[in-house]
1. Could you run through segment 59-78 and say how many residues are surrounded by fewer than 10 Cβ atoms within 10 Å (Cβ to Cβ) and either touching a Leu at 6+ places or on another chain (Cβ under 9 Å) or not acidic (Asp, Glu) (or both)?
2. So which residues in segment 31-82 are part of a loop (DSSP other than H, G, I, E, B) and either touching a residue at least 24 places away in the same chain (Cβ under 8 Å) or not charged (D, E, K, R) (or both), if there are any at all?
3. When you go through 33, 19 one by one, which is the residue that is under 14 Å from the mean Cα position of the chain (by Cα) and either modelled with pLDDT of 80 or more or among the hydrophobic types (A, V, I, L, M, F, W, C) (or both)?
Amino acid sequence: MQFMVRDETVGSLMHAKSLMRHVVVVCLLCNLLYVVAVAMLSMSTANSYFYAAVVTIIAVHIFLALFIYSALNDKPPTHKAD
């Protein structure tokens, strides 16, 4: 499926929204891990920030690897001749 964008401002706006969506998810994951580490594991603030950042970076790399794997294994659509 291809999307044609004729207006460059619309295309850049779509990219900006996509980027912001990913940034928000990563920030929420990092903050959630920080809260869990402080509340449940009774870690100090410095340690909990460090572990939350490490887990977030690992999660982002796993999702990126899965995205690349699915993009490389994506089969092009087959067109039937009428």
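1. At the first step, the residues of segment 59-78 found to be surrounded by fewer than 10 Cβ atoms within 10 Å (Cβ to Cβ) are 70-78.
Then drop every residue that is not either touching a Leu at 6+ places or on another chain (Cβ under 9 Å) or not acidic (Asp, Glu) (or both), which leaves 70-73, 75-78.
The number of residues fulfilling the criteria is 8.
2. Initially, segment 31-82 is screened for residues part of a loop (DSSP other than H, G, I, E, B), giving 40-44, 73-82.
40, 41, 42, 43, 44, 73, 76, 77, 78, 79, 81 - these are the residues of segment 31-82 that are part of a loop (DSSP other than H, G, I, E, B) and either touching a residue at least 24 places away in the same chain (Cβ under 8 Å) or not charged (D, E, K, R) (or both).
3. Values: 33 fails: under 14 Å from the mean Cα position of the chain (by Cα).
Exactly one residue qualifies, and that residue is 19.
The values are calculated or read from the model by the stated rules, or taken from the named source; none is laboratory data. The shown structure was predicted, so the numbers you read here are calculated from the model rather than taken from an experiment. With ideal geometry, Cβ positions are generated from the backbone for all residues, glycine too; neighbour counts draw on all protein chains shown.
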